[in-house]
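Inspection log for the structure reproduced underneath, given as structure tokens.
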Amino acid sequence: MKRKIIPTALIAAIVAATMLTACGKSEDPQSSAPAENTAVTYVEVLNTSAGSIKNEYLYSGTVKPVNEITVSGTIQGKVASVNFEVGDYVNAGDVLYTMDTSDILNSKKVAEASLASAEANIQSAQTSLDLVNGAAMQSQIENAKNALSQAEIAYNTAKTNYDNNKVLYENGVISKTDMDNISDAYSNAEIAYNQAKESYNLTMQMPEENRRKAEDALNIAKASRESVIAQINSYNKSLSDAVVKSPISGYVTARNVDAGTVLATNEPFKISDTSKVTINVSVSEDIINSVTTGESVSVTIPAVSSMSKIGTIKTINPAANTGGTYDIEIEIDNTDGKLKSGMFGEVNFVKDESDKTIVLPVDSVINKGGEKYVFVLKNNTAVKTPVQTGIENGSEIEITSGLTENMDVVVKGQTYIEDGDHIEVAPDTYDTENNEALINGEGNTADTSSQSSSAVSSADSDTKEE
């Protein structure tokens with residue numbers, strides 16, 4: 001329990017007045033001797049009880065999303081459509097934007113035509129091999145003629161397609177990529193046609209050399225088919241990559257692409273997952289060894305609420321940064337979405353903590369000559385009591401020994417008393433805020449207080465010297 005403090009001004013005035021009256025009334029030398037100093041120091045005391053104290057450190061930082069990624073596709077060219085704006089929420093797998101795939105589709109069609117030609121080449125080569133391996137000559141001739149006819153049709157078709165598209169390419173209607181694919185198809189058709197003619201000629205000759213040639217032709221035709229299949233698979237992948245999806249759920253925080261424009265940035269979209277957020281702070285060496293990963297800390301975001309949130313220490317960098325401090329990352333749940341990237345936050349680290357201990361105002365403990373002590377009020381007497389201290393947080397201090405509960409410790413006025421001094425608790429008839437003695441509770445200051453305070457101070461001083 002804390003009680004008021006009152007300076008000695010009011011009592012000093014009464015004491016001084018008494019001393020002056022006594023001196024004025026007595027002319028007896030014996031009665032004029034100095035009277036005993038009866039001044040009383042009024043103090044404020046605190047009744048001790050078990051409490052708690054913390055040694056806390058406050059550091060500030062800014063809120064960041066727990067996961068923020070840049071989303072971009074692998075296909076360059078014109079953007080066909082964009083589906084989200086800045087601030088929109090997207091789920092993992094949602095399509096952010098798509099690319100124009102007309103060129104890719106054209107190239108794929110050409111490759112598919114080449115695949116048909118390659119299949120025909122394989123059939124022709126297989127027929128030739130069957131002929132040289134002893135099939136009936138007539139059947140061989142008939143098959144060779146059919147294969148040659150098919151190859152010729154494919155060749156003529158490819159040649160017509162090549163001639164027509166060459167004019168389009170020279171006039172800038174189709175791209176070089178498309179023209180290259182058409183040229184490849186024409187070349188493959190020409191090869192197949194020549195192979196068909198060669199197979200037909202082999203029907204008239206069956207030496208071992210022709211058999212080896214037929215086998216080689218079959219192998220080449222199969223390799224050509226595999227090459228075309230690889231091209232088609234590549235086009236299919238490009239078509240898939242042209243549809244750009246978000247790999248995570250979160251909010252769109254950047255969108256640098258528009259439909260109809262040619263993509264010219266490597267960061268068309270940025271997605272921030274704010275279901276959890278982090279705050280990075282840099283702490284001093286005084287606290288770095290008192291924190292551990294996984295530990296809970298108190299975090300306050302003033303822009304959201306004065307109430308603190310619970311954060312968890314995610315990472316601790318054991319190496320000091322260029323500023324000589326240590327970087328710590330704190331993770332905070334943000335399922336309600338109120339914490340925004342860039343908000344200012346304060347993280348409170350508790351270095352030391354003690355419960356069920358005696359706690360006093362730090363100024364009540366006197367440290368003089370290496371000795372720490374307080375004054376305890378006992379029977380209106382100041383009793384000097386040595387103490388040992390523990391945690392100190394700037395305003396309060398822990399008493400680890402020397403005091404027990406239910407003791408009246410002087411917390412104001414202790415610098416003006418000594419061991420054994422007569423002291424009393426300040427009465428309620430003194431306004432400590434305005435430093436005025438109250439007469440009958442009306443707030444009038446005694447007339448003699450200011451005049452006699454110095455006299456009592458002088459008397460106190462003389463008493464101390466004696």
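The values are calculated or read from the model by the stated rules, or taken from the named source; none is laboratory data. Given the structure is predicted, the values throughout are model-derived calculations rather than measurements. Don't worry about glycine lacking a Cβ; one is built from the backbone with ideal geometry, like all the others, and counts go over all protein chains shown.
If the requirement is being surrounded by 11 or more Cβ atoms within 10 Å (Cβ to Cβ), of a type in the set (A, V, I, L, M), in contact with a Pro (Cβ under 9 Å, 6 or more places away or on another chain) and modelled with pLDDT of 50 or more, which of these qualifies: ILE417, ILE391, ILE397, ILE423?
So the residue among ILE417, ILE391, ILE397, ILE423 that is surrounded by 11 or more Cβ atoms within 10 Å (Cβ to Cβ), of a type in the set (A, V, I, L, M), in contact with a Pro (Cβ under 9 Å, 6 or more places away or on another chain) and modelled with pLDDT of 50 or more is ILE397.
Please determine, by comparing only the residues of the stretch 97-137 that are in a loop (DSSP other than H, G, I, E, B) and at pLDDT 85 or above, which one is nearest to PHE269 (Cα to Cα). Walk me through it before giving the result.
First, pick out the residues of the stretch 97-137 that are in a loop (DSSP other than H, G, I, E, B): 100-101, 133-136.
Filter once more, keeping what is at pLDDT 85 or above: 100-101.
Details: ASP100: 17, THR101: 20 Å.
That would be ASP100.
Do the conditions hold for LYS309, that is, is it of a type in the set (Lys, Arg) and more than 30 Å from THR101 (Cβ to Cβ)? Outline the logic, then answer.
Values: of a type in the set (Lys, Arg): yes; more than 30 Å from THR101 (Cβ to Cβ): yes.
The answer is yes for LYS309.
Out of TYR251, TYR200, report the one residue that is touching a residue at least 40 places away in the same chain (Cβ under 8 Å) and assigned by TED's automatic domain parsing to the domain that holds PHE84.
It is TYR251.
Results for (1) among the acidic types (Asp, Glu); (2) in a helix (DSSP H, G or I); (3) free of Cβ contacts under 8 Å to residues at least 40 places away in the same chain, shown as yes or no for each residue.
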{"site": "ILE328", "(1), (2), (3)": "no, no, no"}
{"site": "ASP352", "(1), (2), (3)": "yes, no, no"}
{"site": "LYS356", "(1), (2), (3)": "no, no, no"}
{"site": "ASP363", "(1), (2), (3)": "yes, yes, no"}
{"site": "PHE375", "(1), (2), (3)": "no, no, no"}
{"site": "THR389", "(1), (2), (3)": "no, no, yes"}
{"site": "GLU398", "(1), (2), (3)": "yes, no, no"}
